[in-house]
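Beneath this line is the structure, given in structure tokens, with notes to follow.
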Amino acid sequence: MAVQSWSALLKASTKTALIHDVRKWRSKSTLKGQGPWEIEVGEPVPSTVPCLESDVIKENCSNPVFMRKDTKTSFLWRVRNLPYPKEVYNISVEPDQRCCILRTNNKKYYKKFNVPDLNRSQLPLDSSALNFTHANNTLIVSYKKPKEILTLEHELLREVKKLKGTNEGDVDCKTQ
């Protein structure tokens with residue numbers, strides 16, 4: 001089964017632990033070097049490098065912001081800056097494309113997103129596990145985790161507890 005192969009792959013991989021609210025992956029690039037970080041859960045850490053130019057083009061702060069935040073029992077996505085009432089939103093599952101589709105009736109927002117955890121474990125998407133709510137201009141989409149994912153996460157949590165993790169400020173920085 002794919003769940004066992006994913007679990008075995010994670011146990012055999014090289015791991016680094018930093019206690020933070022982000023889950024990110026890095027894989028090998030095509031030239032066998034380290035590829036870029038891919039953030040799967042949480043918000044990316046904002047850059048601390050100050051901007052040198054005063055008239056830089058930047059994204060409007062009122063644009064919708066889509067990010068994933070999980071709970072123990074469900075996968076959770078938050079879309080900030082969506083001011084429409086709950087009746088406008090429609091969320092569906094596309095099993096053949098292995099993704100969920102969020103759209104509005106007024107055609108102002110459309111987002112296709114997948115559940116990487118289910119794809120890695122090769123588990124099917126279930127439309128009855130999908131739910132959403134809207135409050136404070138934020139749409140919260142939840143997908144109830146299947147029992148296979150819950151047992152896998154429990155195993156992986158035991159594996160991660162074996163690692164020596166550091167907090168964000170405790171990183172050992174070697175000087176020259």
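Screening residue 135 with (1) open to solvent by 70 Å² or more (accessible area, probe 1.4 Å); (2) more than 23 Å from residue 39 (Cα to Cα); (3) at pLDDT 90 or above gives one miss only, at (1). The residues of the range 75-95 that are surrounded by fewer than 15 Cβ atoms within 10 Å (Cβ to Cβ) and within 19 Å of residue 146 (Cβ to Cβ), listed by number, are 92, 94, 95.
Of all residues in the range 97-113, exactly one satisfies the criterion of being open to solvent by less than 90 Å² (accessible area, probe 1.4 Å), part of a loop (DSSP other than H, G, I, E, B) and charged (D, E, K, R), namely 98.
Of all residues in the range 60-96, which are more than 26 Å from residue 22 (Cα to Cα), among the polar types (S, T, N, Q) and outside any strand (DSSP E or B)? Reasoning before the result, please.
We begin by selecting, within the range 60-96, every residue more than 26 Å from residue 22 (Cα to Cα); these are 83-90, 92, 94-96.
Subset that is among the polar types (S, T, N, Q): 90, 92.
Result: no residue meets the conditions.
The values are calculated or read from the model by the stated rules, or taken from the named source; none is laboratory data. Source: prediction; values computed, not measured. Heads up, the Cβs are rebuilt from the backbone with ideal geometry, glycines too, and the neighbour counts pull from every protein chain shown. These area figures cover heavy atoms from the full protein model, side chains too; ligands, DNA and RNA do not enter into them. Shrake-Rupley method; radii C 1.70, N 1.55, O 1.52, S 1.80 Å.
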